[in-house]
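Read through the structure below, which is laid out as structure tokens, and then see the notes.
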Amino acid sequence: VYGELTVGYDYMVSPRFLIGGLLDAHVGNIKTTLDITGFDASIKETYGFDAGLRLGYLLTPNTLGYVLGGYSWQKYKLDTNAGFDFDWDQSGYFVGGGIETAINSNWTIKTEYRYTGFGTKDDLLSEAGIVGVPDGLLNLDTSRHTFQIAANYRFGAQNGGGAAFETPAYNWTGFYIGGAGGAGASVHQINVPPLGDLEFNGLGGEGAFGELNVGYDHDFGSWVAGVMVDARYSGMTSKLDLGGGSINVDTDYGFDVLGRVGMKMNESTLAYALAGYSWQHFDLNASDPIGDILDWGSSGFSVGGGLETALSSNVTVGLEYRYSQFAEKDFSSEFGAPDDTLTSTSSFHTVRLGAKYKFN
């Protein structure tokens, strides 16, 4: 998790288009860990800042959809229990998008996704003071996907003062169909007890996915409750390079059965939380000549939330975050080993931008 403070300035260049600049600072504890009997190590993102621009379009007089991008700087810290600790920093870029909606004349809330890339660091060992080690022996490729729910206070703002169009009248009650596209990061916690109780939490991957959903919502006045079922196909892949070959864990297809409860922020925008059952198919494979190794399905749960806003009396768009975790998989028997010799617990973070059509 992380926390962030932001300052910025927005300017309306037309009744519906906005351009702005922002500067933010963040602290957090996002990390990768490795535990072996007698040795523990972790790489943690401690603090950083971003500077960027955003372009926005008023979806309604109270709700803004926007994209953003810019420069990012991050401090990292390696901690071990062997007296081997150091830190370093990296520069990179970020891109993303979000939805921001007005609560009153000064306060807004937003949901925002960012992808941040820092490139490859190939001099980590020499920076750590290890003499005689050539650069490139250990490469660290760093990126992250983040989702935030934040509140902004606007000095002297006037809610909807320049809007030349009407807020659509929207009743949330009804059946709907929808589609979404998004990006995600998968994480696999690997446990190998015979190797000194080896535990590696951070074999990660990333990729994009597409999703179709159907559901029903009921409008209770200031609150909305509903259920939904979705199915997705994903390109999220975790890859481990080993010399001239690689081993991949593909997070390919799955589905969810979810319930959600939301509160209306204004006449056309809903802030909501969701939770429910998830099922995911995984595929373990290697580069040629090995190919496919095994595949399995795993049950779990998802929790998340988002903002959804109406564009018309039937169409809504929304930005949503989910965290999904799945049951532990024991691979031991597939490799002829005793139970609990090799296990993996998978989870992923996903962000989706979607649209829905509600039937009257």
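Each value in this text was obtained by applying a stated rule to the coordinates, not by laboratory testing. Keep in mind the model is a prediction, meaning the values are calculated, not measured. Methodologically, a virtual Cβ is constructed for each residue, glycine included, from the backbone with ideal geometry; neighbour enumeration extends over all protein chains shown.
The table below lists the values:
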{"item": "Spin-label pair VAL257/ASP85, simplified geometry with 7 Å Cα→Cβ offset, distance in nm", "result": "4.9 nm"}
{"item": "Net length gained if the chain between ARG154 and LEU78 were fully extended (0.36 nm per residue, minus Cα distance)", "result": "23.5 nm"}
{"item": "Members of LYS239/LYS329; LYS31/LYS121; LYS110/LYS329; LYS329/LYS356; LYS77/LYS110 lying beyond 26 Å, as alpha-carbon distances in this model show", "result": "LYS110/LYS329; LYS329/LYS356; LYS77/LYS110"}
{"item": "Two-site FRET efficiency, ASN29 against LYS239, from Cβ-Cβ distance with R₀ of 30 Å, rounded to 0.05", "result": "0.75"}
{"item": "Inter-label distance, nm, simple model (7 Å from Cα along the C-beta direction), SER347/TRP279", "result": "2.3 nm"}
{"item": "The chain: C-alpha pair distances exceeding 27 Å, %", "result": "54 percent"}
{"item": "Extension gain, SER222 back to PHE39 (0.36 nm per residue minus Cα-Cα distance, nm)", "result": "60.5 nm"}
{"item": "Pairwise centroid distance, computed over Cα atoms, of the range 284-299 with the range 46-96, Å", "result": "34 Å"}
{"item": "Proxy reagent accessibility, fewest Cβ within 10 Å first, across GLU206, GLU112", "result": "GLU206, GLU112"}
{"item": "Helical contribution to [θ] at 222 nm, DSSP H n ≥ 4, -39,500 (n - 2.57), averaged over the chain, rounded to 500", "result": "0 deg cm²/dmol"}
{"item": "Measure of compaction for the range 168-360 (Cα Rg per 2.2 N^0.38 Å)", "result": "1.21"}
{"item": "Sites PHE175 and GLN325 - FRET efficiency at Förster radius 30 Å, r taken between beta-carbons, to 0.05", "result": "0.55"}
